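Since the structure comes first, as structure tokens, the remarks are kept for the end.
The values are calculated or read from the model by the stated rules, or taken from the named source; none is laboratory data. Since this is a predicted model, take the numbers as computed values, not measurements. Glycine gets a Cβ as well: all are built from the backbone with ideal geometry, and neighbour counts include every protein chain shown. SASA here: full protein model, heavy atoms, side chains in, ligands and nucleic acids out. Shrake-Rupley method; radii C 1.70, N 1.55, O 1.52, S 1.80 Å.
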Amino acid sequence: MTSGVGINLGRLLVISIVDDDVWARSGLADLILSLGYEVQAFESAEQFIESDSIKDTRCLITDLHMPGISGLDLQSFLRRKGHSTPIIIVTAYPSDKHRQQALAEGAVGFLTKPYDERSLLACLTRAIVH
């Protein structure tokens, strides 16, 4: 039974955010929190991988271009490790090649920064019912 947007069986759903830009990360975290979800925020893919949050994450929102492991590389890593966590890729520097690769590898969304809240919510909804 669902009770509220981000609550499932009395437990908050965890949305993890990976973005090296502190302002983008904190702004997105504030938005996700306001929707009633629990948020785990990380400044790098490496930090997310090393955390215990992978197993609890219901949806991952990651920046595409980051130092070290990119958002696409993070997506590939998680798939190779057997994780089917829905992923939304966000980027300020979109390309058709990256969009096609992300979606072909199972991303539920590929958004261009600045994205509008409705587009993000549509992707998040697809991820949660995935």
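Evaluate the following for PHE77: is it part of a helix (DSSP H, G or I), aromatic (Phe, Trp, Tyr) and at negative phi?
yes
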- [ ] Kindly indicate whether GLY36 is in contact (Cβ under 8 Å) with a residue 24 or more places away in the chain, open to solvent by less than 50 Å² (accessible area, probe 1.4 Å) and either in contact with a Lys or Arg (Cβ under 8 Å, 6 or more places away or on another chain) or among the small types (Gly, Ala, Ser) (or both).
- [x] yes
Task: Residue that is farthest from ARG25 (Cα to Cα) [pool: residues in region 41-57 that are in contact with an Asp or Glu (Cβ under 9 Å, 6 or more places away or on another chain) and of a type in the set (D, E, K, R)] - done: ASP56
